[in-house]
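Written out below as structure tokens is the structure these notes cover.
Readers should treat all values here as calculations from the given coordinates under stated rules, not as data from a laboratory. These numbers were taken from a predicted model, which means no experiment stands behind them. Cβ placement follows ideal geometry from the backbone for every residue including glycine, while neighbour counts extend to all protein chains displayed.
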Amino acid sequence: MPITPTKKIWMDGVLVDWEQANVHVLSHTLHYGTGAFEGIRAYKTPNGVAVFRLREHIQRLLNSCKILMIDVPFSLEELIEATKDVVRENDLQDGCYLRPLVYLGYGEMGINPLPCPVNVAIAAWPWGAYLGDEGAENGVRMKISSWTRHAPNAMPTASKTVGGYVNSSLAKVEALKAGYDEAIMLGPDARISECTGENLFIVRDGLLISPPPSEAGALRGITQASIVKIANDLGYEVSFEAMRRDDLYLADEAFLTGTAAEVVPIGSVDDRLVGDGRPGPITKAIQTTYHRAVRGGIPEYESWLARV
Ligand code: PPE
């Protein structure tokens, strides 16, 4: 997905010109993957652009850093304001994707991260459908990866750690090279964990099921949590249950959720059609409701929107 440059990137409290937003090649994170990031979206609403669940995303960024023992030199409130500044200063009234990144900068080399300076950057740019308009509309082809998701004692799966995404990249490339759109990853216990950058749900006999994030070694998705609320409000029950690959093959419907991807129907898994391979009615109802909610179209979900 190409990046469309905007004007300014927030770096350690200052709005820097896009072209000047550089780091030293000896930055610690570049060598060891020691850092954490977030992915957030802002949407155009009838009352101006709004950031979706901003506080939850910034809180998760701080939680990721806590796990990594990185002391972030900005508070939750400061980072919330900084994120809004980035949307405002770049005049992104039609919405955007936001990428806050906490990284260890230039200062010391060696595995020990503790002496390194902690830097924070927040960038924003307009970004379309992460898995393509066609996938969002008609469903994506998924492949169970040969790569195993992190064991929780190898990499903390509740932290959006920069280096942790090498595991996702391996799975993504494998799936793309094999002609699929996206990978589904199994944990070390062969249970379904998550996708390379999304959580997933199946629908079975009218019930929605998603792997329990902590046990499944999956990120606790903010979109996933939003979908639980939306599904319940639409009258569907949701349960968090461990599942195996045959549960995917035999699902009536399936979809994935994430900030970048939003809600995307799964058309097939390992070449077995999910249902008849077309997005199912529950998936479509949830996708439509989510799209309206994030754009300020449903008053009940107004508290999820932070106007900038
Ligand atoms: N699992 C993983 C591994 C993950 O990276 C994400 C977000 C999710 C689940 C869904 O979480 P949430 O966004 O809170 O619903 N992935 C981000 C990064 C994607 C990327 O390509 O980079 C995102 O969607 O912004």
Checklist entry - Relative to the present Cα-Cα distance, how much length would full extension add between ARG278 and ASN232 at 0.36 nm per residue of separation? => result 14.3 nm
Checklist entry - Expressed as a whole percent, how much of the Cα-Cα distance distribution for segment 8-125 exceeds 23 Å? => result 30
Item to check | Total lysine pairs whose alpha carbons fall under 17 Å of each other in the chain (8 or more apart, or interchain) | outcome: 8
Checklist entry - For the chain, what does -39500 (n - 2.57) per DSSP helix run (n ≥ 4), summed and divided by total residues, give at 222 nm, in deg cm²/dmol to the nearest 500? => result -8500 deg cm²/dmol
Checklist entry - Per 5 Å bin, what percent of the C-alpha pairs of segment 133-294 does each bin hold, from zero upward? => result 2, 10, 21, 24, 22, 14, 7, 1
Checklist entry - In a GNM of the chain with a 10 Å cut-off on Cα contacts, which of MET185, MET109, MET142 has the highest mean-square fluctuation? => result MET109
Item to check | Alpha-carbon Rg with Dmax, taken over segment 223-267, Å | outcome: 11.4, 29
Checklist entry - Tally Lys and Arg at +1 and Asp and Glu at -1 over the other residues with C-beta under 14 Å from the C-beta of TYR290: what net charge comes out? => result +2
Next on the checklist: For a quick check: with amide H placed at 1.01 Å from N, whose amide H comes under 5 Å from VAL140's, ignoring anything fewer than 5 positions away on the same chain?
Outcome noted: ILE266, GLY267, SER268
Item to check | Residue with peak Gaussian network fluctuation, the chain [Cα springs, cutoff 10 Å], from GLY221, GLY33, GLY235 | outcome: GLY235
Item to check | Fluctuation leader among LEU104, LEU68, LEU114 - the chain, Gaussian network, Cα springs under 10 angstrom | outcome: LEU114
Item to check | Mean Cβ neighbour count within 10 Å, used as a protection proxy, ranking 125-135, 45-55, 247-257, 190-200 highest first | outcome: 190-200, 247-257, 45-55, 125-135
Checklist entry - Per 10 Å bin, what is the whole-percent P(r) computed from every C-alpha pair distance within the chain? => result 6, 27, 34, 24, 8, 0
